[in-house]
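Take a look at the structure set out below.
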Amino acid sequence: QVQLVESGGGLVQAGGSLRLSCAASGRTFSNYAMGWFRQAPGKEREFVAAISWRYGSTYYADSVKGRFTISRDNAKTTVYLEMNSLKPEDTAVYSCAAAPRLGTVRSEYAYWGQGTQVTVSS
């Protein structure tokens with residue numbers, strides 16, 4: 001099993017920044033990809049960003065490209081999501097997840113964290 005724990009969520013004004021962290025434990029992640037998803041009230045969970053542990057390659061949803069940066073610390077088995085220029089529409093519960101490879105579909109991710117709330121006020 002893989003356990004994922006997110007942290008760093010909170011309340012921020014539009015235009016502000018937050019950095020989310022996701023600490024992973026339970027196994028090695030050399031061949032894994034880590035992704036961030038978000039779900040706003042009444043909406044379907046959507047893909048945000050993903051990164052490969054081995055190569056550090058990344059992929060972003062168009063809605064966050066240029067504003068969010070995903071990164072990882074292999075030694076700490078932790079993935080980060082740096083969120084800049086936040087907008088009210090970024091408000092959601094953000095969850096991290098682990099998958100065998102880079103992907104944008106929820107079903108590709110087998111392990112999920114509990115989520116952390118991000119609220120952006122206008």
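Select from the stretch 13-27 the residues that are under 13 Å from Lys87 (Cβ atoms) and over 17 Å from the mean Cα position of the chain (by Cα) and write down the one among them that is most open to solvent (accessible area, probe 1.4 Å). Talk me through it step by step, then tell me what you get.
Just the residues of the stretch 13-27 that are under 13 Å from Lys87 (Cβ atoms), to begin with: 13-18.
Then drop every residue that is not over 17 Å from the mean Cα position of the chain (by Cα), which leaves 13-16.
On the way: Gln13: 137, Ala14: 52, Gly15: 54, Gly16: 19 Å².
Taking the candidates together, the pick is Gln13.
Please work out which residue is most open to solvent (accessible area, probe 1.4 Å), limiting yourself to the stretch 28-74 and to residues that are of a type in the set (Val, Ile, Thr) and under 16 Å from Trp112 (Cα atoms). Before the answer, list the steps.
Going through the stretch 28-74, the residues of a type in the set (Val, Ile, Thr) turn out to be 28, 48, 51, 58, 64, 69-70.
Now restrict to residues that are under 16 Å from Trp112 (Cα atoms): 28, 48, 51.
Working: Thr28: 106, Val48: 1, Ile51: 5 Å².
The qualifying residue most open to solvent (accessible area, probe 1.4 Å) is Thr28.
Looking at Ala98, Ala92, which one is open to solvent by less than 50 Å² (accessible area, probe 1.4 Å) and modelled with pLDDT under 95?
Details: Ala92 fails: modelled with pLDDT under 95.
Only one candidate passes the filter, namely Ala98.
May I ask you to list the residues in the stretch 81-122 that are among the aromatic types (Phe, Trp, Tyr) and either under 18 Å from Ser63 (Cα atoms) or touching a Pro at 6+ places or on another chain (Cβ under 6 Å) (or both)? Lay out the reasoning, then the answer.
Filtering the stretch 81-122 down to residues among the aromatic types (Phe, Trp, Tyr) leaves 94, 109, 111-112.
Residue satisfying the conditions is Tyr94 alone.
Could you please let me know if Ser7 is within 14 Å of Gly113 (Cβ to Cβ), modelled with pLDDT of 95 or more, of a type outside the set (Lys, Arg) and surrounded by fewer than 19 Cβ atoms within 10 Å (Cβ to Cβ)?
Values: within 14 Å of Gly113 (Cβ to Cβ): yes; modelled with pLDDT of 95 or more: yes; of a type outside the set (Lys, Arg): yes; surrounded by fewer than 19 Cβ atoms within 10 Å (Cβ to Cβ): yes.
So Ser7 passes the test.
For the structure I just gave you, tell me whether Gly103 is of a type outside the set (D, E, K, R), open to solvent by less than 50 Å² (accessible area, probe 1.4 Å) and closer than 12 Å to Gly35 by Cβ. Step through it out loud before you land on a result.
On the way: of a type outside the set (D, E, K, R): yes; open to solvent by less than 50 Å² (accessible area, probe 1.4 Å): yes; closer than 12 Å to Gly35 by Cβ: yes.
Answer is yes for this residue.
The values are calculated or read from the model by the stated rules, or taken from the named source; none is laboratory data. Fair warning: this is a prediction, and the values are worked out from it, not measured in the lab. So basically every Cβ, Gly included, is an ideal-geometry build from the backbone, and we count neighbours across all protein chains shown. Accessible surface areas use protein heavy atoms only, side chains included; no ligands, DNA or RNA. Shrake-Rupley method; radii C 1.70, N 1.55, O 1.52, S 1.80 Å.
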